[in-house]
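The values are calculated or read from the model by the stated rules, or taken from the named source; none is laboratory data. Just so we're clear, the structure is a prediction, and the values are computed from it rather than from any experiment. Positions of Cβ are generated from backbone atoms using ideal geometry, with glycine treated the same way; all protein chains shown enter the neighbour counts.
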Amino acid sequence: MATSQTEVESQAVELSAEAFEAFCDDISGMFGADMACEQQDVTTVTVKDLKKHFKKLTAVNSVKAEGVMDGTFQLVFDQGGLFTLSGVIVMMPANRILEEIKRGTVEDMEAMNDAIGETGNLLVGTWDRVFREGLEGHGHFVQSNSFIGKPWDEPEKTIGLAADGEFVFVSYEMTIGEYPAFKCGVIFPRTIFGSKSDAEQAASAQEEPKEKPATEEAAATEEKAEPAQEEPEEKPATEEATATEEKAEPAQEEPEEKPATEEATAEQKEADADTDASDNTIEEKPAVTDEKEESKEPAAGVVSETIQKMAESPAVLPGESTDIFLAICAKDIMEKNIIWGNPDDSVQQVLAKMQQADAGYTMVGSDGALEGIVSKSDIAGAISPYLRPIFAKWRRPLDDATLQIKTKWIMTRPVHTVSPDTSLAAIMQNMSQLGQRGLPVVDKQGKVQGLVTVFDIFRFMLNDNPNVSMIGKTSKAPPLI
């Protein structure tokens, strides 16, 4: 059943509150700033009314909507919101943020253009996620334009709002930490909700024809009744016969057999299509399955055979006998000195711990219970490459902001683990199949006892090899920023 214009509008207004709240949660989590949002009013406004709400600099993100909402709407922030949000994201000093909230200019905003763009992308992404979950028939939200300045003199040119149009405006008040509250909101053109639903239009179309024939017949009856008293009896009879024939002709023109023939033909086509589809399915599916089996099984077999040979062949393990190698377990080679982090720790905090302990991995959790694991590679993928000393001259505040990303957003989970008694051959096989270079060692109670990495395995295998020099030590921790 189609959704009416009123229903879509009501749902959009309701979901806009959830979307702004989700945006606040995202910002709070990313930058550790307490952020809250409260809905104020839902009103019908014009451009002149919007000008009263947003008198100074205004940030407008135009969003293209596809699906049951079709068109463009605007997310708008006042000057306070503009400078507070961007200042928090680039970690600007509090006194500087407060100063620019009062006296900031367009030139000041241009210096933080990247931060503003990132805020817009995050905002639209959050809205898209909330509407995808809450609005049936939602397609997609994409940011089509962003504007900073005073858009009300030429609203259609700058932000796509008709100067004489009417819009649904949902206003909000936001706060970030101890900074002054600021205004924001969403502007919905009424056309974005569509016109009457298909069901409403169909109902109207069906109701009108039913009433008209009744009226026309009644009028025709009255007209016929009057002449019948004045004119001879033969004429009405002729007219009635003619009317009867005219009414009968349309009934004869609608062939009764044709729909049946068409239905039969349609049924035959559907049956044929189903038969063809079933035939094709029977022929094609085994072929696809065979291809997958042929592509996967040999590779897995090669890996298993190689690992098995490494585990059983003394030639692969210089200086060690087969019996000793097979007797080695995780508890014999694991690293017992491991470091722990909290899910809410920032990347910067975890990075400092790893560098201090010269560790390549951080266990995430508490009281020995493992929630996730962060590797050196996870850290490298999360932070900006411009934080490296070699790129120092291009380093910007937005690059520093990546250090405030929470550990829980980058950690690997669920975590694959091994027991203390897992054999070295089994550990190697697990690493090969999972594509991981480190596996936590967990006892029967679920407590972490240590960590086995590929480097621990290499050290054991090459320990007595006279052809390999192991002078010095390579750092395990991520490089200094």
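Taking segment 65-107 as the range and being without any contact (Cβ under 8 Å) to a residue 12 or more places away in the chain and acidic (Asp, Glu) as the test, the residues that pass are Glu99, Glu107. Within segment 3-40, the residues that satisfy the criterion of being part of a loop (DSSP other than H, G, I, E, B) and either surrounded by fewer than 16 Cβ atoms within 10 Å (Cβ to Cβ) or out of contact with any helix residue (DSSP H, G or I) (no Cβ under 9 Å at 6 or more places or on another chain) (or both) are Gly32, Asp34.
Those helices (runs of 4 or more DSSP H) of segment 383-467 in which at least 1 residues are modelled with pLDDT of 85 or more and within 19 Å of Asp332 (Cα to Cα), considering only elements entirely within it, cover 424-434, 454-462. Has segment 33-48 got any residue that is in contact with a Pro (Cβ under 9 Å, 6 or more places away or on another chain) and in contact (Cβ under 8 Å) with a residue 60 or more places away in the chain? Yes, segment 33-48 has at least one match. Evaluate segment 103-114: report whether one residue or more is surrounded by 18 or more Cβ atoms within 10 Å (Cβ to Cβ), of a type in the set (Val, Ile, Thr) and not in a loop (DSSP other than H, G, I, E, B). No.
Checked against (1) out of contact with any Gly (no Cβ under 7 Å at 6 or more places or on another chain); (2) farther than 17 Å from Val170 by Cα; (3) surrounded by fewer than 24 Cβ atoms within 10 Å (Cβ to Cβ); (4) modelled with pLDDT under 90, Leu57 meets all criteria but (1). The set of residues from segment 128-169 being within 15 Å of Val60 (Cα to Cα) and assigned to a helix (DSSP H, G or I) comprises Pro155, Glu156, Lys157, Thr158. Of the residues making up segment 31-54, those that are touching a Gly at 6+ places or on another chain (Cβ under 8 Å) and within 30 Å of Gln349 (Cβ to Cβ) number 3. Kindly check whether there is at least one residue in segment 54-68 that is more than 31 Å from the chain's Cα centre (by Cα) and closer than 24 Å to Trp152 by Cα. So far as segment 54-68 goes, yes, one or more of its residues are more than 31 Å from the chain's Cα centre (by Cα) and closer than 24 Å to Trp152 by Cα.
Taken over segment 351-378, residues that are closer than 22 Å to Gly446 by Cβ and either touching a residue at least 12 places away in the same chain (Cβ under 8 Å) or assigned to a helix (DSSP H, G or I) (or both) amount to 15.
Restricting attention to segment 115-166, the residues that are over 27 Å from Thr84 (Cα atoms), surrounded by fewer than 18 Cβ atoms within 10 Å (Cβ to Cβ) and touching a Leu at 6+ places or on another chain (Cβ under 8 Å) total 1.
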